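One structure is given here, and the rest of the page talks about it.
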Amino acid sequence: MFECAPDSCHREDRRSRTAFCRVGNVRNATTLSQRDREVPKNILLAQRLTGHIKRLARPTSLLEDMRLGNALAHGDLAEHEELVRAVLAGNRIARSKVDDLTYASWKRCHEEFSLDPGSGPDPLIAPRTDLQQHLDDARQLLEIARPEMTNLYQQLAGSGHAIILTNRGGILLNYIGDPSFTDTAAHVGIRTGAVWSEAVQGTNGMGTCLIEKKPLVIHKGAHFFTSNGSLTCAAAPIFDPNGEVIAILDASSEAQLAQQHTMVLLNMSAQVIGY
């Protein structure tokens, strides 16, 4: 009968226990890895659901930021009045959407002229006798301006623009309009004899340019009155020899974007007309 030495038996026993423990550890490791894989899936699912809920329930400030931005950039008439009122009330989100020139004009409209953004005025038309007097006073200006306005209109042909000349009081003296702009012009009151000063029509290309005395663009929602929010108006001042503004040359349309080349051509024409 074979008997193992005590030391060899102990060594065999240790090897067996070690092997068993290794097998056991593999089993335990397998069980743990399965649990490890299951738990993150549950957590991941919960995280995804939470993230989805957060995306659906966007913060009010973000929604407001998007809405007011659309009112200004795209002429969103449904939100325009809210934007103007929010700016005038000191809302910081609304104010961040408006440039300094527009903000200054809106303040003038509200504080100096007591205008309301939600109640656009009916077109104010100068009486015929008064208009004739304005035309007589501007006879020399019109002689120079008419051919230059025709030239500018031809350069912008097909782009839906109306070329407009006002005197220093914002009274429209001459108008050349693209046929596609006729209905809009009639709706907003762009016609000979109409008054487009800022005190009457709020922030607009012609009236605001008279005050700012520099070329500018009033694009859609930057207008004070909601009724003018479909317009994009580029305007440039015309100066007399003493540097005083005597007229405004304007190119208005319903363009979605204010074109830089329109502003360049307009400003060049205003300089040609000026003394």
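The values are calculated or read from the model by the stated rules, or taken from the named source; none is laboratory data. Not measured: the values here are computed from a predicted model. Cβ placement follows ideal geometry from the backbone for every residue including glycine, while neighbour counts extend to all protein chains displayed.
A few notes on this one:
- Output for region 140-163, where each listed residue is surrounded by fewer than 19 Cβ atoms within 10 Å (Cβ to Cβ) and not in a helix (DSSP H, G or I): ALA157, GLY158, SER159, GLY160
- Considering residues of region 254-275 that are surrounded by fewer than 17 Cβ atoms within 10 Å (Cβ to Cβ) and of a type in the set (Val, Ile, Thr) only, the residue farthest from ILE144 (Cα to Cα): VAL264
- Index of the failed condition, ASN242 passing every other in (1) in a helix (DSSP H, G or I); (2) out of contact with any Ser or Thr (no Cβ under 8 Å at 6 or more places or on another chain): (1)
- THR192, sole failed condition from (1) in a loop (DSSP other than H, G, I, E, B); (2) at pLDDT below 95: (2)
- Condition met for SER105 (surrounded by 18 or more Cβ atoms within 10 Å (Cβ to Cβ), out of contact with any strand residue (DSSP E or B) (no Cβ under 7 Å at 6 or more places or on another chain) and either outside the structural domain of LEU249 (by TED's automatic domain parsing) or not in a helix (DSSP H, G or I) (or both)): yes
- The set of residues in region 103-118 that are within 22 Å of the chain's Cα centre (by Cα) and either farther than 18 Å from GLY229 by Cβ or basic (Lys, Arg) (or both) comprises ALA104, LYS107, ARG108.
- Qualifying residue in region 125-136 (condition: closer than 21 Å to ASN228 by Cβ, at pLDDT 95 or above and surrounded by 12 or more Cβ atoms within 10 Å (Cβ to Cβ)): yes
- ALA251 vs. criteria within 15 Å of ILE163 (Cβ to Cβ), touching a residue at least 40 places away in the same chain (Cβ under 8 Å) and surrounded by 22 or more Cβ atoms within 10 Å (Cβ to Cβ): yes
- Exactly one residue among SER252, SER227 is of a type in the set (Ser, Thr, Tyr), under 30 Å from ALA94 (Cβ atoms) and in a strand (DSSP E or B), and that residue is SER252.
- Condition met for GLY189 (in contact (Cβ under 8 Å) with a residue 24 or more places away in the chain, under 20 Å from ALA126 (Cα atoms) and surrounded by 18 or more Cβ atoms within 10 Å (Cβ to Cβ)): yes
Every residue, every condition in (1) touching a helix residue (DSSP H, G or I) at 6+ places or on another chain (Cβ under 6 Å); (2) at positive phi; (3) of a type outside the set (A, V, I, L, M, F, W, C), yes or no:
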{"residue": "HIS161", "(1), (2), (3)": "no, no, yes"}
{"residue": "THR166", "(1), (2), (3)": "yes, no, yes"}
{"residue": "ALA186", "(1), (2), (3)": "no, no, no"}
{"residue": "GLY189", "(1), (2), (3)": "no, yes, yes"}
{"residue": "VAL200", "(1), (2), (3)": "no, no, no"}
{"residue": "VAL217", "(1), (2), (3)": "no, no, no"}
{"residue": "PHE224", "(1), (2), (3)": "yes, no, no"}
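- Any chance THR166 is at pLDDT 95 or above, in a loop (DSSP other than H, G, I, E, B) and surrounded by 13 or more Cβ atoms within 10 Å (Cβ to Cβ): no
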